[in-house]
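The values are calculated or read from the model by the stated rules, or taken from the named source; none is laboratory data. As the structure is a prediction and not an experimental result, all values here were calculated from the model. Virtual Cβ from ideal backbone geometry, glycine too; neighbours counted across all protein chains shown.
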Amino acid sequence: MVNIKTINYRIRFLQDISFKESPEIAFFKAIYRRLKNIICIKSNEDCKICSHRPKCLYSYLSAEDFQHISSMPVIIKRPLFTKKTIQADELIDLKITFLGDAAKHMDFFNYILKEFEVRGLFRERYKFIIVNRKIEELDKVNKESQISSIKILTPIERKDQIFTAEKEKLDKLNELYHITDKPIESIETPYDFHAVRFKINNPIYIGANKLIQEGYVGTIKFVEPITKTYLLDLISLIGAGQLYSIGGGATKVIY
């Protein structure tokens, strides 16, 4: 069983807006700022030294105010490149994924977006409407196919022992958030990673982090086709690499 839920929002802006960063990241940060104001008891105190941290819902949902971004329970999906200038009446899709037990608190995110819809986004009060909202609940995955390769669409940090690192990451996420009740087996089949080094010079600032989007994109080709595994299923849902929570390590399976 897989315990992962995704909310898909389709949003239409009622006026022109120019984002300073990708719209998905801008929304993600705005939601978390509001979430902190709502549920954090000591919003001016560093999460890692706060005495309320063990029981703090904000600390849980933000991985201690993004200090442990490599183990976040909430993921914002976004492409590698995105438009920053949105015209009035233009539509964008906002896709937020919740891992395991974090899905119990997804109503906070919906409440905050509805609040933004009423009062406007940012200090400028940019107006938008939520055209559609759909929840996907994933309780099982299909693994009955032969896979020859995987495209890495957004950067990951490494070229070697990718699947060993991903198993370790998923085991940690499973321990923290109870994503699945099934064992996650590693992939031992040899592969070639036809990759190029990629870097976007403009960093993403989130929490106290300055994140540079850099790493490898390309195609992982298995020496011989493999049967789709549980590990690949989870990677396709969550993303590979350490920056999966802000859209890193997006993959496409090739059969």
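Quick look at the values:
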{"item": "The stretch 65-94, subset part of a strand (DSSP E or B) and out of contact with any helix residue (DSSP H, G or I) (no Cβ under 8 Å at 6 or more places or on another chain), residue surrounded by the most Cβ atoms within 10 Å (Cβ to Cβ)", "result": "D93"}
{"item": "Verdict on D65 being acidic (D, E) and within 20 Å of K210 (Cα to Cα)", "result": "yes"}
{"item": "Residue within the stretch 193-204 that is of a type outside the set (A, V, I, L, M, F, W, C), part of a strand (DSSP E or B) and closer than 22 Å to I147 by Cα present", "result": "yes"}
{"item": "The one condition in (1) touching a helix residue (DSSP H, G or I) at 6+ places or on another chain (Cβ under 9 Å); (2) modelled with pLDDT under 95; (3) not in a loop (DSSP other than H, G, I, E, B) that A102 fails to fulfil", "result": "(2)"}
{"item": "The stretch 13-48, subset β-branched (V, I, T) and farther than 18 Å from E117 by Cβ, residue surrounded by the fewest Cβ atoms within 10 Å (Cβ to Cβ)", "result": "I41"}
{"item": "Test set (1) in a loop (DSSP other than H, G, I, E, B); (2) not assigned by TED's automatic domain parsing to the domain that holds G239 - R158 fails condition number", "result": "(2)"}
{"item": "Residue list for the stretch 210-241, filter: more than 18 Å from the chain's Cα centre (by Cα) and not in a strand (DSSP E or B)", "result": "K228, T229, Y230"}
{"item": "Checking E117 against (1) closer than 21 Å to L57 by Cα; (2) surrounded by 12 or more Cβ atoms within 10 Å (Cβ to Cβ); (3) without any contact (Cβ under 8 Å) to a residue 60 or more places away in the chain, the condition it does not meet", "result": "(1)"}
